[in-house]
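Before any comments, here is the structure.
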There are 2 protein chains.
Amino acid sequence: MNLILFEKEEVTDHHVLLLDHRAKHIVKVLHSDVGDIVRVGMVGGAIGTGEIVRLEKKYPFAADLCVKLTNNAVTHPAIDLLLALPRPIMLKRIFSQATALGVGKIFITNANRVEKSFWESGILDPIEYRPHLIQGLEQAIDTRLPEIIISRHFRSFAEEKLRGIAGDYSHLLLAHPKADKSLSTCLQGKRGRVLYAIGPEGGWVDFELEKLQQSGMRVFSIGARILKVDTAVIAIHSRITQELER
Amino acid sequence: MNLILFEKEEVTDHHVLLLDHRAKHIVKVLHSDVGDIVRVGMVGGAIGTGEIVRLEKKYPFAADLCVKLTNNAVTHPAIDLLLALPRPIMLKRIFSQATALGVGKIFITNANRVEKSFWESGILDPIEYRPHLIQGLEQAIDTRLPEIIISRHFRSFAEEKLRGIAGDYSHLLLAHPKADKSLSTCLQGKRGRVLYAIGPEGGWVDFELEKLQQSGMRVFSIGARILKVDTAVIAIHSRITQELER
């Protein structure tokens, strides 16, 4: 935890009272004392400092912070992600890792090779997934939660939703081991928001590839090595960021 | 599993008899039958095809393959990795993910912020870590196991070992959020093997940074966002690969 995040609703008269794992972190990891300053941020808001004005160092831990928000958080990431619903245990990790890397939106849809049971998972409920997003923000020192957009039906996602949002992007990219073009070739020319798509384990089927391409997605390859979904999410995000920074 | 790997010792007269999870994979995931051809590879050797000549489709699963090795495996990766020993559960994942991405060697050493208990973990035993490396190869369709080199003492690693191997590399790079130079700046000029270092959670301490830099490591940054070790391993590997491919 490189940033102590709190919700707007937790602030009363410039004070935030922490009674959970955040208080424990201040005691057990930061080894802070009354009078010390810790880095804080408001979810969806600015970053700043919190002065510890009261600290209960034994269980049940408690920390009363007097907070001053000063800087705006880091720049809004220019990258969004489209996933075929991964295995729930992997999705949890992707939520926090993609948030740490910086994404604006995560779209999740269905695919032929997505196991039906994945759709019954609790992780698709905001109450379940929000803590994983928060973890990513705490890690990366950011305050801006990605937006999670779940479209259960592939066909309406590809034919309607994706066409509707295509105009928001300068590039709609789909990772495919057999594509001819490299990522840097695909990203040449104008620079704007990028949406990149990662298929399910086993890949998209031909029908899906066709539909996604008809809605404007262009296929690219990062080489012959086939990566697991969670590895690919990070690997391709980094390559896109690297290209956008040129 | 995108490749069925076997050891040299398992081959008798062009036949390999599978009695473990590999046989189960052929039955349950590939839904293969006698006469079908599956993609196989020999650990440390070539890739080829295996014809199923006998198949036991019920537990205990068994598959007798007649194998023909034809192609050499993919190119030897030009990237090696140096880690401060991570939390064992994370190290397992790094072993398979880094192997899937392609690394030649993984050096593991100590650091001030490495918890002592991590050194007691079974995962540092080849018997424990080899299956995770194999998993990475099966995923990426590769046969070449990375070499794992464990140097428990940081100081002798940084002062002796690292200096001894520095000549093998065109670039020795150390990721640090506060560095001035970008990765692409650091990688300009001659191209050869790259060794990149990822510190422990919380980072290297100043003494360690100094020692590593004295032995030739140059610091670079990939931006202000602080990543967890496993995320950073993948993110930086991808960026280096992207640069080396230019």
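Between a residue in the range B:142-154 that is among the basic types (Lys, Arg) and any residue that is open to solvent by 30 Å² or more (accessible area, probe 1.4 Å), which pairs come within a Cβ distance under 6 Å, given they are 6 or more apart or on different chains? Final answer for the pair search is B:Arg152/B:Asn110.
Taken as a whole, the structure places A:Met90 among residues that are surrounded by 14 or more Cβ atoms within 10 Å (Cβ to Cβ), modelled with pLDDT of 95 or more, within 30 Å of A:Gln242 (Cβ to Cβ) and touching a helix residue (DSSP H, G or I) at 6+ places or on another chain (Cβ under 8 Å). When A:Leu137 is tested against (1) surrounded by 14 or more Cβ atoms within 10 Å (Cβ to Cβ); (2) farther than 30 Å from A:Val29 by Cβ; (3) in contact with a Gly (Cβ under 8 Å, 6 or more places away or on another chain), exactly one condition is not met: (2). Can you find a residue that is open to solvent by less than 60 Å² (accessible area, probe 1.4 Å) and within 30 Å of B:Asp206 (Cβ to Cβ) anywhere in the range B:56-70? Within the range B:56-70 (the criterion being open to solvent by less than 60 Å² (accessible area, probe 1.4 Å) and within 30 Å of B:Asp206 (Cβ to Cβ)), the answer is no, since none of the residues qualifies.
Of all residues in the range A:4-26, those that are of a type in the set (A, V, I, L, M) and buried (at least 19 other Cβ atoms within 10 Å of the Cβ) total 6. Just one residue in the set A:Ser156, A:Ser182 is open to solvent by 40 Å² or more (accessible area, probe 1.4 Å) and under 24 Å from A:Ala224 (Cβ atoms); that residue is A:Ser182. When you check A:Ala46 against the structure, is it in contact (Cβ under 8 Å) with a residue 40 or more places away in the chain, out of contact with any Lys or Arg (no Cβ under 8 Å at 6 or more places or on another chain) and farther than 30 Å from A:Ile198 by Cβ, yes or no? Taking the combined requirement at face value, the residue satisfies it. Can you name every residue in the range B:61-75 that is under 27 Å from the mean Cα position of the chain (by Cα), away from chain A (no Cβ under 14 Å) and not hydroxyl-bearing (Ser, Thr, Tyr)? Within the range B:61-75, B:Val67, B:Lys68, B:Leu69 meet the criteria. Screening B:Ser238 on (1) open to solvent by 10 Å² or more (accessible area, probe 1.4 Å); (2) closer than 30 Å to B:Gly48 by Cβ shows it passes everything except condition (1).
Given the structure, is B:Lys24 of a type in the set (D, E, K, R) and within 21 Å of the chain's Cα centre (by Cα)? No. Report yes if some residue within the range A:203-219 is open to solvent by 40 Å² or more (accessible area, probe 1.4 Å) and closer than 17 Å to B:Gly136 by Cα; otherwise report no. For the range A:203-219, residues open to solvent by 40 Å² or more (accessible area, probe 1.4 Å) and closer than 17 Å to B:Gly136 by Cα: absent. Considering (1) free of Cβ contacts under 8 Å to residues at least 24 places away in the same chain; (2) within 14 Å of another protein chain (Cβ to nearest Cβ); (3) in contact with a helix residue (DSSP H, G or I) (Cβ under 9 Å, 6 or more places away or on another chain), the lone condition that A:Lys58 does not fulfil carries the number (2).
The values are calculated or read from the model by the stated rules, or taken from the named source; none is laboratory data. Note that the coordinates shown come from a computational prediction; the quantities given were computed from them, not determined experimentally. FYI the Cβ positions are ideal-geometry reconstructions off the backbone, even for glycines, and counts take in every protein chain you see. Keep in mind that these areas ignore ligands, DNA and RNA; they rest on the heavy atoms of the full protein, side chains included. Shrake-Rupley method; radii C 1.70, N 1.55, O 1.52, S 1.80 Å.
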